[in-house]
1. Taking region 188-210 on its own, how many of its residues are touching a strand residue (DSSP E or B) at 6+ places or on another chain (Cβ under 8 Å) and either more than 15 Å from Arg157 (Cα to Cα) or of a type in the set (Phe, Trp, Tyr) (or both)?
2. Counting only residues that are within 25 Å of the chain's Cα centre (by Cα) and under 27 Å from Glu50 (Cβ atoms), give me the helices (runs of 4 or more DSSP H) lying completely in region 94-194 with at least 2 of them.
3. Of all residues in region 85-141, how many are among the polar types (S, T, N, Q), loosely packed, with under 12 Cβ neighbours inside 10 Å and within 20 Å of Leu196 (Cβ to Cβ)?
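The values are calculated or read from the model by the stated rules, or taken from the named source; none is laboratory data. Only a predicted model underlies this, so the values are computations on that prediction, with no experimental measurement involved. FYI the Cβ positions are ideal-geometry reconstructions off the backbone, even for glycines, and counts take in every protein chain you see.
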Amino acid sequence: MAVPADQSVRARRVITRSPTRTVGRFPSLKCGRTIHWESQLERDFVLRLEFDEHVVSYREQPETIEVPWQGRTRRYTPDFLAVTNAFRIFYEVKPKAKLEDAELTDFLAQVERIYNGRGHQFTVVTETDIRQAPVLDNISVLLRYRRHPVDLAVERRVEAALRFGARPISELMTELSMGAAEIYALLARRRLTADLDQKLGLRASVTWSGGR
């Protein structure tokens, strides 16, 4: 089965909430619609996709394929599809403990062979990949400021203040008499960059990138 023509249509219905499962929705500015997730791990992965500068768009449950498996055909739906300028990458999001099941890992290896044969990538991601600290925490903070208004004149003042290189956020706030919210908003929009492998705070250094 191919990806549905309507990119807002999922290949299967989202599993409903249960005492053992948390489901929810994320308002994606990148995709221009609501993204559904079916676990807290999927929710965190959505944040990573939303902030990833290489991901042009993404969607949940993008398609259902038929997988030859142990003498029969099994239907399989990836959790996400991410589209970059170079690749289409299909993702399965799984807790690491579940990958101790040899039959499951063998099945996912068969899925990978099918997608590779179609010229696409298929990747299984776990909490080890998704919940890297402090990157995920930093992304969670910055995404809260995506809609925070920043005047163009403020952008120009920040750009001028950073013309000779990186400076701490606190230093910019003092010199330009501005709040941290504007700095975080510019980071969220990639007008500024920072080392997200380090905990984001007022001591963090930022540089001007001018990206969108």
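1. Number satisfying all stated conditions: 9.
2. Where helices (runs of 4 or more DSSP H) fall fully within region 94-194 and carry at least 2 residues being within 25 Å of the chain's Cα centre (by Cα) and under 27 Å from Glu50 (Cβ atoms), they are 102-117, 127-130, 135-143, 180-188.
3. Total meeting the criteria: 1.
Residue-by-condition table, conditions (1) exposed (fewer than 12 other Cβ atoms within 10 Å of the Cβ); (2) among the hydroxyl-bearing types (Ser, Thr, Tyr); (3) at pLDDT 95 or above:
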position	(1), (2), (3)
Met1	yes, no, no
Asp6	yes, no, no
Ser18	yes, yes, no
Arg21	yes, no, no
Asp44	no, no, yes
